[in-house]
1. Please sort 28-34, 92-98 by packing, taking for each peptide the average over its residues of neighbouring beta carbons within 10 angstrom, highest first.
2. Which FRET efficiency value, to the nearest 0.05, do you get for residue 180 and residue 115 by plugging their Cβ-Cβ distance into 1/(1 + (r/R0)^6) with R0 = 35 Å?
3. Relative to the present Cα-Cα distance, how much length would full extension add between residue 65 and residue 137 at 0.36 nm per residue of separation?
4. Remind me, what semi-axes does segment 88-149 give for its equivalent ellipsoid, largest first in whole Å, using sqrt of 5 times each Cα gyration tensor eigenvalue?
5. Please give the length that would be gained between residue 56 and residue 152 if that part of the chain were fully extended, namely 0.36 nm times their separation in residues minus their C-alpha to C-alpha distance (nm, one decimal).
């Protein structure tokens with residue numbers, strides 16, 4: 001019987017402590033004020049517009065010109081240039097071919113002989129370039145007597161087309177350097 005009484009007492013103690021644990025109340029109050037000031041700056045860096053070099057093409061393949069173009073672009077300024085350049089060797093070949101096709105073979109060879117390389121090759125082959133209508137041995141003797149009329153490499157001498165091309169390249173190069181400095 002003692003065990004019974006002890007069991008009843010323990011049960012009542014546990015029951016009382018469980019009911020006390022259920023009555024816990026927590027209250028919380030939060031009061032908050034937030035003041036915020038911010039300053040921001042946004043910088044958008046975009047790529048510059050593109051300077052497009054002009055396309056210089058020839059619709060006719062029978063032209064002796066070459067198209068040259070270029071462009072440069074900075075944040076401030078863009079420049080695009082283009083021009084055609086005459087190919088003098090191409091013109092010489094076309095002229096010689098046209099003369100040959102018309103039956104003027106000596107004249108066609110004479111046109112080709114204006115190039116020092118052709119002149120030297122013809123002399124070394126034993127078939128000298130025509131000289132004032134003379135061909136063969138007579139032409140060789142005439143060329144030997146008049147060496148100043150032979151085509152030359154013109155070392156140190158620059159033709160007008162090359163001068164203007166170099167001048168134009170210098171101007172364009174200077175502009176490009178100026179744009180890069182900006």
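1. 92-98, 28-34
2. With a Förster radius of 35 Å, E is 0.30.
3. Full-extension gain reported as 22.1 nm.
4. Those come to 20, 13, 9 Å.
5. 31.2 nm
A short reminder: the numbers here are calculations on the coordinates, not readings from a lab. As the structure is a computational prediction, the values presented were derived from the model and not from experiment. Note that each Cβ is placed from the backbone with ideal geometry, even for glycine, and that neighbours are counted across all protein chains shown.
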